[in-house]
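Please read the structure below before turning to the comments.
Just so it is clear, none of the values below were taken in a lab; they were calculated from the coordinates. None of these values were measured; they are calculated from a predicted model. Cβ: placed from backbone, ideal geometry, glycine included. Neighbour counts: every protein chain shown.
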Amino acid sequence: MNTVTAMTTQVRRELWEHRGLLAYTPFVIAAVLLALAIGGVGFGVGQFSALVEGDLDDLIPGAGVSARELPPELLRAVMLLTMTMSLTLFVAVLVVMIFFYALDALYAERRDRSILFWRSLPVSDLRTVLCKLVTAVLVAPLLVVAAIMVVQVGSLLIAMAGAAFTAGGPSPGELWRATPLGSLWVLQVYGAIAMALWWLPLIAWLLLASAWAPKAPLVWGVLPPVALGLIERMTVGTSWLFSALGERVIGFAPRAFEFDARRVFGMAGDGDSVDITIGAGSVLGNSGDAAAVESGLNVLALATPGQLLAAPGLWGGLIVAAVLVAGAVYVRRYRGES
């Protein structure tokens, strides 16, 4: 059995042993959101009714026109905003999944003594820890992205079904053509991987705590950094550690993405503000020089992988993660079974 096949088998084992947390949770949430969408409520998907019924005043205050009068480029923008309303919820789900999985990954095998079985096999400690790391950094985010895709496709189909039986709004074909699913999915996969790579030192720390903890891995994973942060605050009056942890949690966003309306919507115009007027109202901005939509929606313009790869924090985090993973391998190798 080659290394790739062996690691794939171990990752599948991780999914089987933690199927409730990793495999079921995101798709159960997706099913609940789609059920709410069918009822027309919940996380913004109910706002599709504004498009279906042709009245945009609830979705875009002051639009003053029906959805059928929207230019194609702006209909695409509205669909993009509506399709991404559930992303914040799924990011929170991903945080919870990775946090509890990493804390339990190495502790659980000592708790149920399955480590004795795995040590009887020709499976190195390094490969075992790396498989658990890959599961947290790559597999879990991709499963969440798959659940998001299910919600987006289901929501779009619900909207198209409603549009087929309602006069005044866009047709089902117009809704389908206006939704940039392909570009959005590429962006979501990129975002999930970028986020997980930025979190790598935190995940590696949780794996080390899981390998070390005699009991209560949650305490061992959370208490040391919190205690050190409080000691720093009380002794020297600074909050560098807490700031560093906060930066490590959310710092990927301004490096992996650039939220520039002109790039995304393909706008031309002068000035710092963007004002797109439709009928009597405005979609983006309140004042400033007018901007014309030129080439439609470019979702992938949000991604800035070069900026992410050039960030010292990414490479510094990878070095720290490598040290922590080495620590987890060492602890697993010499730690007792209990």
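Taking neighbour Cβ counts within 10 Å as the exposure measure, how do Glu258, Glu17, Glu109, Glu174 sort from fewest upward? It would help to have the intermediate numbers written out before the result.
Numbers: Glu258 13, Glu17 16, Glu109 22, Glu174 19.
The fewest-first ordering by Cβ neighbours comes to Glu258, Glu17, Glu174, Glu109.
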Subject >> Estimated distance in nm for a label pair at Val222 and Leu138, the labels positioned 7 Å out from Cα along Cα-to-Cβ >> reply: 3.1
Subject >> Net length gained if the chain between Leu241 and Leu318 were fully extended (0.36 nm per residue, minus Cα distance) >> reply: 25.9 nm
